[in-house]
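Everything on this sheet refers to the single structure shown next.
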Amino acid sequence: MDEIAEKWQRKWEEEMAFEVHEDPRKPKFYCLEMFPYPSGSGLHMGHAFNYTIGDIYARYKRMNGYNVLYPMGYDSFGLPAENAAIKEGVHPKEYTEKAISNFIRQQKKLGLSYDWNRIIKTHTPEYYKWDQWIFLQMFKKGLAYKKKAPVSYCPKCQTVLANEQIHDGKCWRHKDTDVEIKYLEQWFFKITDYVEELYNEIDNLKEWPERIKAMQKNWIGKSEGTEIQFMINGKPWRIFTTRPDTIYGVTFLVISAHHPHLYELVTPENRESVDRYIKSLKTVKEEDIETMEKEGVFTGSYALHPLTGEKIPVYAGNFVVAEYGSGMVMAVPAHDQRDFEFAKKYSIPIKVVIQPKDRELKAEEMKRAYTEEGNLVNSEQFTGMNSREAIGKITEYLSKKGIGKKAIMYKLRDWLISRQRYWGTPIPIIYCERCGTVPVPEEDLPVTLPERVRFGEGNPLLTNEEFIRTKCPKCGGAARRETDTMDTFVNSSWYFLRYTDPNNEKEIFSKEKASYWTPVDTYIGGAEHACMHLIYFRFYTKFLRDIGLINYREPVKRLFNQGMVHGPDGVVMSKSRGNVVDPLEMIEKYNVDTLRIYLVSTAGPDKDFIWSDETIQSSYRFVERIKLYFSNVKIGMSDKKTESKLNILIREVTSSVEEFKYNIAVIKLRQFFEYLEDKEEKTESKDVLSSFLKLLHPFCPHITEELWEKIGNNKSGKEFISLSEWPKADENKINLQYEKEEQMAKNLAADINNVAKLIKGKGAKIKKAYVYCLPNEKQGYMDNLEMVKRSIEMDIQVYAVNEKEKYDPQNKAQKAKPGKPAIYLEI
RNA sequence: GCAGGGGUGCCCGAGCUUGGUCUAAAGGGUAGGGCUUAGGACCCUAUGCGCAUAGGCGCUUCGUGGGUUCAAAUCCCACCCCCUGCACCA
């Protein structure tokens, strides 16, 4: 057992060392890690890495005079708890609470400096009450709404999913399970009301990783183009295109085979073939999308070309996405590869309307679509115009005629939050036969999740009649409660605000407290949340701003993505692969400080790294050597050189930590420590030793606390190094001459070794080295003589060239040059 | 296909913003030596190639090929490869 760690973890807790309160006199700093889902299997190395990175930063900022809010909580609603209930018969609540206490116990062992008084657990009514409250605010504004829509359903989860939770047509939790499309009435949040701001603001997130920003932009998927009306059977149908310049090349239209209004276009004589085609789609769907051929079927209807009035066949096709744009496209086979393939397959005419500058396209000779720019041909009055220019001109022309307009299209769709599962926040809605859909009045919140339910097939909430049966808040008549619960991403969309006032029973949080602490200054977590949590999080922030609770636009100033921890075999750690290293075991085997410093030693914390059993031992030895050193060192005076080196170190460690270059900081700390260790004189000033410990403290909080006390800094027992002031570099104490001399001494040692090698090659044995340097350099060499001696492993005598009494049998002294002393090795 | 990030010595991994002091930090591994009864730990040296009986010299390295410059791992251009995310988005 590690007594030192236990001792200090206990003391920090007893003295409530990391408890914080609003203090207008101090600058605040909000350091946040993505809170975990408390899984039953406990903390893994990825967690340990994540929290170590954050804790180092929190401790560093605290020592720099910031009032640091550094909280922890648990995203404790979610499917795994419910699945465990089905499998093992444990109630999700019991399962979750056990997992949370296990998490807390393990996190405390890591020496994390959280303010444990601010814990939040999203499965408690005290917390989810406010999820429901936000829902009601959204409902009031029309941002929470119910609609019947084609939604994706995972048969394994037995619930519908948000778009963000579907990857490659599979469930995010079940990579082997295709999602099914069902038409259901579901609750949505109207995130699309904020789509423009969500997109545009990405560029203002200066301290977010490019990768995340790119992923979000990609996900939101803005594209600018033109909306054009086509008349079909006397009714207008809209299509969206980014290439209105190719409009004269349209030879057919394609409507998505999944389009809800497809059958309005299907003529009776084509009905059977369309039906057959739609049915066949399901079997195709299981195959790989990449290899899927462009296919379709004629609907029987014709559209009129809006400019030429030509008759254009309308097809239903598998390559048009129903949910994007209007679910229908104009097809220009000559200038779009997909349309080209489709046209070839069904022998639809290809009409070239854009000619490249350097050659001439002939429709019948084309092997693939020409998608670059060029000059328009066969395009009435636009013929001859450059295609880029034509995009604007044709759009203008269409909008003058009232059959088209500029349009911006986004891929982002409304957030489907309904889940047909138990372990989540109940949606505060009541259905009354007479009054319809009625929101639960705010004063009746929370709608508590009943504990007595049966798990098995379907939504467990349906098994508790007491919960379902209720009175209509409007008319008092019999009514039923909504039994869907909310997506757990709802809970994590605003938790950073609740930490500022976690126990408030009257309101979601105090505006004053929230405005003191938020927004979050640094948010640390993995990149897997780029398109889910981090978008919802931003959306909520904007909504809460709009209802006047906060006054900023973005929740997080600086986002930091940590790398992935790979097992010793080089593959990402995973239980199924069996290459996990358990952080708790490592703490037992070595100690916490070793684990912490090791985790940030190998590479920058934003990089993936491979766990190495050898390297952690080197960290262990480092920690042990520090303890040993401090048990021998005497307190007294330090020399100027040491002070110079210390101040350089302060400068370097400070900037490295600030920039999250922890690995560099560790290297510098090690180099300085090795210098201390190698010194003959084992006496240092308390100031030097204290400063060194402070710089090391964020990495190794326990031993530094212990040694800090040992050298007499914590007499009252409450003056923790954790709460001490970060050292400031005193530029006046830095003298680079020392570094220069050290370098010269190193060069000298290398020279002597080189000469010795040549002589030894001849078989000679060297008795002693004589060195003749310029008089002004002698002191520098003398000061570093021990180091030189050690690396050349022979006795050495240094003379200044002008010394009369020197031993110089071969008259080498005359060869001495500045920075390059003469050498005589005696055989 | 689109977007973002990368390619550095045996491995891992800094450096590239602000070109030179870079054959290129730190760690690991390997080899040789010291210490030791032995092992471990610890300490020293070496670790691109070649030559050299006095600290020297030459050649070759930072994905590939060009360019800018007195000077490039670092700046510019083109290309190749790898990773990640999205993807039939019109």
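Quick notes on this one:
- Among the residues of the range A:241-268, those identified as in contact with a Phe, Trp or Tyr (Cβ under 8 Å, 6 or more places away or on another chain), among the hydrophobic types (A, V, I, L, M, F, W, C) and closer than 30 Å to A:PRO356 by Cβ are A:PHE252, A:LEU253, A:VAL254.
- Per-region count, the range A:788-820, residues within 59 Å of the chain's Cα centre (by Cα), part of a loop (DSSP other than H, G, I, E, B) and at negative phi: 3
- The set of residues in the range A:166-190 that are in contact (Cβ under 8 Å) with a residue 24 or more places away in the chain, surrounded by fewer than 19 Cβ atoms within 10 Å (Cβ to Cβ) and within 13 Å of RNA strand B (Cβ to nearest atom) comprises A:ASP168, A:GLY169.
- Matching residues in the range A:317-338 - criterion: being open to solvent by less than 10 Å² (accessible area, probe 1.4 Å) and of a type in the set (Asp, Glu): none
- Cross-chain or 6+ apart pairs with Cβ under 6 Å, the range A:467-490 first and in contact (Cβ under 8 Å) with a residue 24 or more places away in the chain, then among the aromatic types (Phe, Trp, Tyr) and buried (at least 18 other Cβ atoms within 10 Å of the Cβ): A:THR488/A:PHE77; A:PHE489/A:TYR536
- Residue within the range A:289-304 that is surrounded by fewer than 17 Cβ atoms within 10 Å (Cβ to Cβ), within 11 Å of RNA strand B (Cβ to nearest atom) and charged (D, E, K, R) present: yes
- Residue list for the range A:96-121, restricted to those being under 14 Å from A:LEU449 (Cβ atoms) and buried (at least 21 other Cβ atoms within 10 Å of the Cβ): A:THR96
- Meets criteria (away from RNA strand B (no atom under 16 Å from the Cβ) and more than 20 Å from A:PRO80 (Cβ to Cβ)) for A:TYR495: no
- Looking only at the range A:815-827, and only at residues there that are open to solvent by 60 Å² or more (accessible area, probe 1.4 Å) and within 7 Å of RNA strand B (Cβ to nearest atom), the one that is nearest to A:ILE766 (Cα to Cα): A:ILE827
Every residue, every condition in (1) free of Cβ contacts under 8 Å to residues at least 40 places away in the same chain; (2) near RNA strand B (Cβ under 10 Å from one of its atoms); (3) surrounded by fewer than 17 Cβ atoms within 10 Å (Cβ to Cβ); (4) small (Gly, Ala, Ser), yes or no:
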{"position": "A:PHE609", "(1), (2), (3), (4)": "no, yes, no, no"}
{"position": "A:ASN632", "(1), (2), (3), (4)": "no, no, yes, no"}
{"position": "A:GLY636", "(1), (2), (3), (4)": "no, no, yes, yes"}
{"position": "A:SER644", "(1), (2), (3), (4)": "no, no, no, yes"}
{"position": "A:LEU649", "(1), (2), (3), (4)": "no, no, no, no"}
{"position": "A:ARG670", "(1), (2), (3), (4)": "no, yes, no, no"}
{"position": "A:TYR675", "(1), (2), (3), (4)": "yes, no, yes, no"}
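- Wholly within the range A:486-564, helices (runs of 4 or more DSSP H) carrying at least 3 residues that are open to solvent by 30 Å² or more (accessible area, probe 1.4 Å): A:511-517
- Residue match in the range A:191-214 (condition: within 14 Å of RNA strand B (Cβ to nearest atom), closer than 24 Å to A:MET138 by Cβ and open to solvent by 70 Å² or more (accessible area, probe 1.4 Å)): no
- Test: residue in the range A:330-338 that is free of Cβ contacts under 8 Å to residues at least 40 places away in the same chain, within 44 Å of the chain's Cα centre (by Cα) and more than 7 Å from RNA strand B (Cβ to nearest atom): yes
- Failed item in (1) under 24 Å from A:GLU528 (Cβ atoms); (2) in a loop (DSSP other than H, G, I, E, B); (3) more than 16 Å from RNA strand B (Cβ to nearest atom), with A:ASP131 passing the rest: (2)
- Given (1) outside any loop (DSSP other than H, G, I, E, B); (2) farther than 22 Å from A:ASN64 by Cβ, index of the condition A:MET637 fails: (1)
- Hits in the range A:217-258 (condition: more than 9 Å from RNA strand B (Cβ to nearest atom), buried (at least 21 other Cβ atoms within 10 Å of the Cβ) and assigned to a helix (DSSP H, G or I)): A:ASP245, A:ILE247, A:TYR248, A:GLY249
- Conditions (1) under 44 Å from the mean Cα position of the chain (by Cα); (2) open to solvent by 10 Å² or more (accessible area, probe 1.4 Å): number failed by A:GLU272: (1)
- Of all residues in the range A:665-705, those that are under 33 Å from the mean Cα position of the chain (by Cα) and under 28 Å from A:GLN9 (Cβ atoms) total 20.
- Selection from the range A:424-454 of residues that are under 37 Å from the mean Cα position of the chain (by Cα), surrounded by fewer than 18 Cβ atoms within 10 Å (Cβ to Cβ) and touching a residue at least 40 places away in the same chain (Cβ under 8 Å): A:GLU442, A:THR448, A:GLU451
- Qualifying residues in the range A:747-764 (those that are in a loop (DSSP other than H, G, I, E, B) and more than 6 Å from RNA strand B (Cβ to nearest atom)) - the one least open to solvent (accessible area, probe 1.4 Å): A:ALA764
- The residues of the range A:716-743 that are open to solvent by less than 80 Å² (accessible area, probe 1.4 Å), among the acidic types (Asp, Glu) and either assigned to a helix (DSSP H, G or I) or on the phi > 0 side of the Ramachandran plot (or both), listed by number, are A:GLU739, A:GLU741, A:GLU742.
- Selection from the range A:24-54 of residues that are part of a helix (DSSP H, G or I) and either open to solvent by 40 Å² or more (accessible area, probe 1.4 Å) or out of contact with any helix residue (DSSP H, G or I) (no Cβ under 9 Å at 6 or more places or on another chain) (or both): A:GLY46, A:ASN50, A:GLY54
- Annotation: A:LEU412 fulfils all but one of (1) open to solvent by less than 40 Å² (accessible area, probe 1.4 Å); (2) in contact with a Gly (Cβ under 7 Å, 6 or more places away or on another chain); (3) more than 21 Å from A:TRP187 (Cβ to Cβ); the unmet one is (3).
- Screening the range A:800-814 for residues that are in contact (Cβ under 8 Å) with a residue 24 or more places away in the chain and within 13 Å of RNA strand B (Cβ to nearest atom) and picking the one that is most open to solvent (accessible area, probe 1.4 Å) gives A:TYR807.
- Meets criteria (acidic (Asp, Glu), away from RNA strand B (no atom under 11 Å from the Cβ) and more than 20 Å from A:VAL633 (Cβ to Cβ)) for A:GLU684: no
- Some residue of the range A:350-364 being more than 9 Å from RNA strand B (Cβ to nearest atom), open to solvent by 30 Å² or more (accessible area, probe 1.4 Å) and assigned to a helix (DSSP H, G or I): yes
- Candidate set from the range A:765-785 (those that are touching a residue at least 60 places away in the same chain (Cβ under 8 Å) and surrounded by fewer than 13 Cβ atoms within 10 Å (Cβ to Cβ)); member that is farthest from A:GLU741 (Cα to Cα): A:LYS765
The values are calculated or read from the model by the stated rules, or taken from the named source; none is laboratory data. This structure is a prediction, so every number in the text was calculated from the model and none was measured. Positions of Cβ are generated from backbone atoms using ideal geometry, with glycine treated the same way; all protein chains shown enter the neighbour counts. For the accessible areas, the whole protein counts, side chains as well, though only heavy atoms, and no ligand, DNA or RNA atoms are used. Shrake-Rupley method; radii C 1.70, N 1.55, O 1.52, S 1.80 Å.
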